[in-house]
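**Student:** Sharing a structure, written as C-alpha cells. Questions coming.
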Amino acid sequence: MFNPFIKHLQATFLVCLLAAVHVSAQVADYGHSIVKKLASPEFKGRGYVEDGAKKASVFIAGEFAKDGLIPFNSGSYFQDYHLSVNTFPGKVFVQLDRNTLKTAVDYLVSASSPSVKGKFNVITAGRHELLSAESAAILALRAKDAFILLDNRPGVNETPEETSRIKENVQRLEYDEQLVFKGLLIFTSDKLTWTTETYQSSRPVITINKTGLDLKSIHELNIEVEANLVPDYQPRNVGGIVKGTAVPDSMLVITAHYDHLGMMGKKVYFPGANDNASGTALMLSMARYYSKHPGKYTMVFIAFSGEEIGMLGSQAFVDQPLIDLKKIRFLTNFDMAGTGEEGIRVVNGSIYKNRFDQLVKLNDSYKLLPKVDIRGESCNSDHCRFYQRGVPSFFIYTQGGIRAYHDIYDRAETLPLTAFENYFKLMQKFFDQL
C-alpha cells in the first residue's frame, strides 16, 4: 500500500544524504586547492625572501574576506610585528673538488651561516677527534684558513657518553667565536632538514649527505653563499571573526601557522605542503563552514607567521592581543594536517583530559579516524604561547603517511590529505559540543 508519509521521509533522507556528500566533497576539494596554492612557487616557500610569507598573508586575508569574516584588527585582517631573520636571496653553490652538489638535495647551508665566496683547502677529520674541547681547539688550529670536513657518522662502538661529548664539540666548531678557521662541512647519513634563524653566526656551516663521496680524497672546496641578515623584517599574522549567535562574548579560537622556510638561493624553495599549508587549509575550511553555520560562541580564526623561526607570530599576538585572552573558552592549533593514516595526536590531551575524552568519544561514535592518541604538554607550536598565558588549548597533528618534513620533498602533489574530510568532520563536531 502506498504511504505518502514514508515516501516523503525517504525523499528527505536522500536529500540530506546527498547534501552531506556534497559538503564533504567541497571540503576535500577546497582543502586540496588551498594546499596546492600555498605550496606553489608563487609564494616562495612562504618565507622572507621575495616576501613569500607576505604574499601568502594577502591570499589568506582574501579567503577570509570571501567568506565574510570580520577583520580582527580595527578593519584589517593583519597584525604586523617585527623580527630579525637570516636569509639566502642570492647565489648558493658548493663544489667539492669536481663534485658539484645539488642544493637541498646533497647539502644544506646552515640557517645562521654568513656569506662566503672562494676556493679553500679542506682538512678532513673524524668524530673520534672531538672527544674533548681541547681536541676541537687543536683541530680548528690545524685548519687555519681552511674548511674542516667532518665525517660525523657515529662509530659502531661509540658510547652514549662519547656521543654526548662529541655533539657538544661539534657545536663548538659550529658556533664558538674563539675558534678561528674558515668554515665547517659536516658529512652525515642523517636526513637533511632545514630551519630558519634570527641571527648570523661567525662562520659558514654546510651539512652534506651524498652517497659515493670519498671523503679522504677531497682536498678543495669551491663555494659561494650569499647571506643577508635582515635586522628589522615586518611579517604579519592574519585573523578573522565569526560572531556567536548566543554567547558572542565567549570565544573558540582556531589557529594554524602559514609560514614555512622560504628559499635557499634564487631557485630552490621549500614548499611546506604538510608543514603547514595543510593546517592552514583545515583552519580556512573551518572558517568557511562557520561563516555559513555560526555557532553559539564567537569563532576566531588566526593564521600565524613566524612559527618556524621560534613561534614569534603567536608570541607577538599574546604580547599585544587583539582579543581578550581571558574570554577564550578553548583554542585548537592545527599543524601538519596532511596525512592521517595512523590517526591524530593531541598535545595537551593529558592536561585537558575531559576535552580529550570528549574528542575520543566523538571519534568512537562516528568512526572517523583510525585513532586519537594522547600526549602531554609540549611547547612545539603556536598553542604554547597561549597555554603559557593560561588559555586552555590543544595542538593536534596527523600521523602516518609521507615523512617529508622541512625539506624540498614536502610538496602538494605527493601529500595525500588522507583523512582531511573525516578530520574536518570530527573537529566540527567537537567545536559544536564545546
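The values are calculated or read from the model by the stated rules, or taken from the named source; none is laboratory data. These numbers come from a predicted model, not from an experiment. Every residue, glycine among them, receives a Cβ derived from its backbone with ideal geometry; neighbour counts consider all protein chains shown. Note: areas computed on protein heavy atoms with side chains; ligands, DNA, RNA excluded. Shrake-Rupley method; radii C 1.70, N 1.55, O 1.52, S 1.80 Å.
A quick yes/no check of all residues on (1) of a type in the set (D, E, K, R); (2) open to solvent by 10 Å² or more (accessible area, probe 1.4 Å); (3) without any contact (Cβ under 8 Å) to a residue 12 or more places away in the chain:
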| site | (1), (2), (3) |
| --- | --- |
| Glu42 | yes, yes, no |
| Arg46 | yes, no, no |
| Lys54 | yes, yes, no |
| Gly75 | no, yes, yes |
| Tyr81 | no, yes, no |
| Ala104 | no, no, no |
| Val109 | no, no, no |
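**Student:** Next up: Pairs under 6 Å by beta carbon, first residue outside the structural domain of Asp335 (by the TED database) in region 280-300, partner open to solvent by 50 Å² or more (accessible area, probe 1.4 Å) and of a type in the set (Gly, Ala, Ser), six or more apart or different chains?
**Tutor:** No pair meets every condition.
**Student:** Further question: With respect to Asn86, determine if the residue is open to solvent by less than 50 Å² (accessible area, probe 1.4 Å), part of a strand (DSSP E or B) and touching a strand residue (DSSP E or B) at 6+ places or on another chain (Cβ under 9 Å).
**Tutor:** So Asn86 passes the test.
**Student:** Moving to a separate point now. Criterion first (in contact with a Pro (Cβ under 7 Å, 6 or more places away or on another chain) and of a type in the set (Phe, Trp, Tyr)) does Tyr269 satisfy it?
**Tutor:** It is true that Tyr269 is in contact with a Pro (Cβ under 7 Å, 6 or more places away or on another chain) and of a type in the set (Phe, Trp, Tyr).
**Student:** If I go through region 407-427 residue by residue, how many of them are of a type outside the set (D, E, K, R), open to solvent by 30 Å² or more (accessible area, probe 1.4 Å) and closer than 26 Å to Pro294 by Cα?
**Tutor:** Number of matching residues: 1.
**Student:** Among the candidates Lys144, Lys117, which residue alone is open to solvent by 50 Å² or more (accessible area, probe 1.4 Å), of a type outside the set (A, V, I, L, M) and in contact with an Asp or Glu (Cβ under 9 Å, 6 or more places away or on another chain)?
**Tutor:** Lys117
**Student:** If you go through region 357-406 one residue at a time, how many are open to solvent by 60 Å² or more (accessible area, probe 1.4 Å), charged (D, E, K, R) and touching a residue at least 60 places away in the same chain (Cβ under 8 Å)?
**Tutor:** Summing the residues that are open to solvent by 60 Å² or more (accessible area, probe 1.4 Å), charged (D, E, K, R) and touching a residue at least 60 places away in the same chain (Cβ under 8 Å) in region 357-406 gives 1.
**Student:** Separate question: Out of region 26-83, which residues are touching a Leu at 6+ places or on another chain (Cβ under 8 Å), in a helix (DSSP H, G or I) and farther than 26 Å from Tyr423 by Cα?
**Tutor:** none
**Student:** Scan Leu213, Leu221 and give me the residue that is open to solvent by less than 50 Å² (accessible area, probe 1.4 Å), modelled with pLDDT under 95 and not acidic (Asp, Glu).
**Tutor:** Leu213
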